[in-house]
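Notes to accompany the following structure.
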Amino acid sequence: MAPAVLTISSKNYSSWCLRGWLACKLAGLDFVEEVVSLEDPSARAELLLLSPSFLVPRLTHEGAKVWDTLAIGEYLAELKPEAGLLPADRTARAHCRAICGEMHSGFYNLRSALPMNLKARHPGHKVWAGAQADIDRVIAAWSECLATYGGPYLFGDRLTLADVMYAPVVTRFITYDVALNRECAAYCRTIMKVPAMMEWIEAAKAEPSEIEELDMEF
Ligand SMILES: N[C@@H](CCC(=O)N[C@@H](CS)C(=O)NCC(=O)O)C(=O)O
């Protein structure tokens with residue numbers, strides 16, 4: 001059987017692609033990457049055939065076509081229950097789904113004010129109030145998880161979809177030098193040492209293309 005195909009775009013800028021890719025890695029899925037350039041019109045036309053939403057990541061696996069990150073995560077959790085992408089305990093699982101959903105549907109100010117850019121560093125970056133409210137909520141959500149489940153990951157000693165969904169937030173906090181409490185700073189360091197995360201970041205740094213609007217000067 002042909003392996004699964006994960007369609008992604010830039011490793012440096014695409015936070016949703018990082019999430020989809022990380023979920024596939026943590027699930028232990030045998031997959032190949034297909035990289036499309038979102039700026040190339042012919043690649044965009046091809047993408048429309050693959051992904052009705054025009055968005056990536058997009059996973060194709062044994063007849064299943066999944067073009068939304070949260071749906072990819074749920075698909076993988078069902079396909080590979082042994083990977084523990086969702087906590088085994090019912091109430092922890094509900095909590096995990098709630099904070100994954102919160103990331104998927106919210107934090108608009110954080111996402112637009114602090115775009116993912118793994119090659120960049122902005123020491124002392126000044127965060128505007130709207131984005132700070134989102135940052136405060138992320139810190140509260142992480143702190144509650146770390147205190148409740150004991151770390152080092154959000155739901156204890158195994159990486160789950162919650163860590164996947166917040167992984168690009170970890171990188172944004174580092175890129176934009178966001179002030180964090182001790183527990184959350186330690187959590188960021190832990191995530192940055194996850195081998196799959198290190199693999200993605202290394203590839204992102206080797207990417208040649210730069211998207212001008214996202215390489216803003218602050
Ligand atoms: N809600 C979607 C969001 C996916 C998304 O916004 N993907 C971006 C890349 S990070 C994209 O494909 N953008 C298309 C474009 O920039 O033309 C998901 O969960 O997968």
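The values are calculated or read from the model by the stated rules, or taken from the named source; none is laboratory data. It should be emphasised that the depicted structure is a prediction, and the values quoted were computed from it without experimental measurement. Ideal geometry is used to build each Cβ from the backbone, glycine not excepted, and the neighbour counts take in all protein chains shown. Calculation scope for accessible area: heavy atoms of the full protein, side chains included, ligands and nucleic acids excluded. Shrake-Rupley method; radii C 1.70, N 1.55, O 1.52, S 1.80 Å.
Any chance you could count how many residues in segment 165-183 are of a type in the set (Gly, Ala, Ser) and either modelled with pLDDT under 95 or surrounded by fewer than 22 Cβ atoms within 10 Å (Cβ to Cβ) (or both)?
So the first thing to find is which residues in segment 165-183 are of a type in the set (Gly, Ala, Ser), and the list is 167, 179.
Imposing the further condition that a residue be either modelled with pLDDT under 95 or surrounded by fewer than 22 Cβ atoms within 10 Å (Cβ to Cβ) (or both) reduces the set to 179.
The number of residues fulfilling the criteria is 1.
Pull out all pairs, ordered by first then second residue, where Cβ-Cβ is under 8 Å, the residues are six or more apart or on different chains, the first lies in segment 150-173 and is within 14 Å of Trp200 (Cβ to Cβ), and the second is in a helix (DSSP H, G or I) and of a type in the set (Lys, Arg).
Val164/Arg19; Ala167/Arg19; Pro168/Arg19
Per-residue answers, yes or no, for (1) under 26 Å from Lys25 (Cα atoms); (2) in contact with a Gly (Cβ under 9 Å, 6 or more places away or on another chain):
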position	(1), (2)
Ala113	no, yes
Gly124	no, no
Arg137	no, yes
Pro152	yes, no
Arg158	yes, yes
Glu199	yes, no
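Within segment 184-193, how many residues turn out to be open to solvent by less than 10 Å² (accessible area, probe 1.4 Å) and closer than 20 Å to Lys25 by Cβ? Before you say what the answer is, go through the steps one by one.
First, pick out the residues of segment 184-193 that are open to solvent by less than 10 Å² (accessible area, probe 1.4 Å): 184, 187-188, 191.
Going one step further and asking which of them are closer than 20 Å to Lys25 by Cβ, we end up with 187-188, 191.
Result for segment 184-193: 3.
Could you check segment 51-77 and list, in sequence order, the residues that are over 15 Å from Met165 (Cβ atoms) and without any contact (Cβ under 8 Å) to a residue 40 or more places away in the chain? Don't jump to the end; show me each part of the working.
At the first step, the residues of segment 51-77 found to be over 15 Å from Met165 (Cβ atoms) are 51-56, 58-67.
Passing the criteria: Pro52, Ser53, Phe54, Leu55, Gly63, Ala64, Lys65, Val66, Trp67.
What are the residue pairs meeting all of these: first residue in segment 13-27, first residue in contact (Cβ under 8 Å) with a residue 24 or more places away in the chain and polar (S, T, N, Q), second residue within 11 Å of the ligand (Cβ to nearest atom) and open to solvent by less than 10 Å² (accessible area, probe 1.4 Å), Cβ atoms under 6 Å, and 6 or more apart or on different chains?
Ser15/Met116; Ser15/Pro168
Matching residues to (1) outside any helix (DSSP H, G or I); (2) among the β-branched types (Val, Ile, Thr); (3) at negative phi:
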| site | (1), (2), (3) |
| --- | --- |
| Val127 | yes, yes, yes |
| Ala131 | no, no, yes |
| Arg158 | yes, no, yes |
| Ala162 | no, no, yes |
| Arg172 | no, no, yes |
| Ala179 | yes, no, yes |
| Tyr187 | no, no, yes |
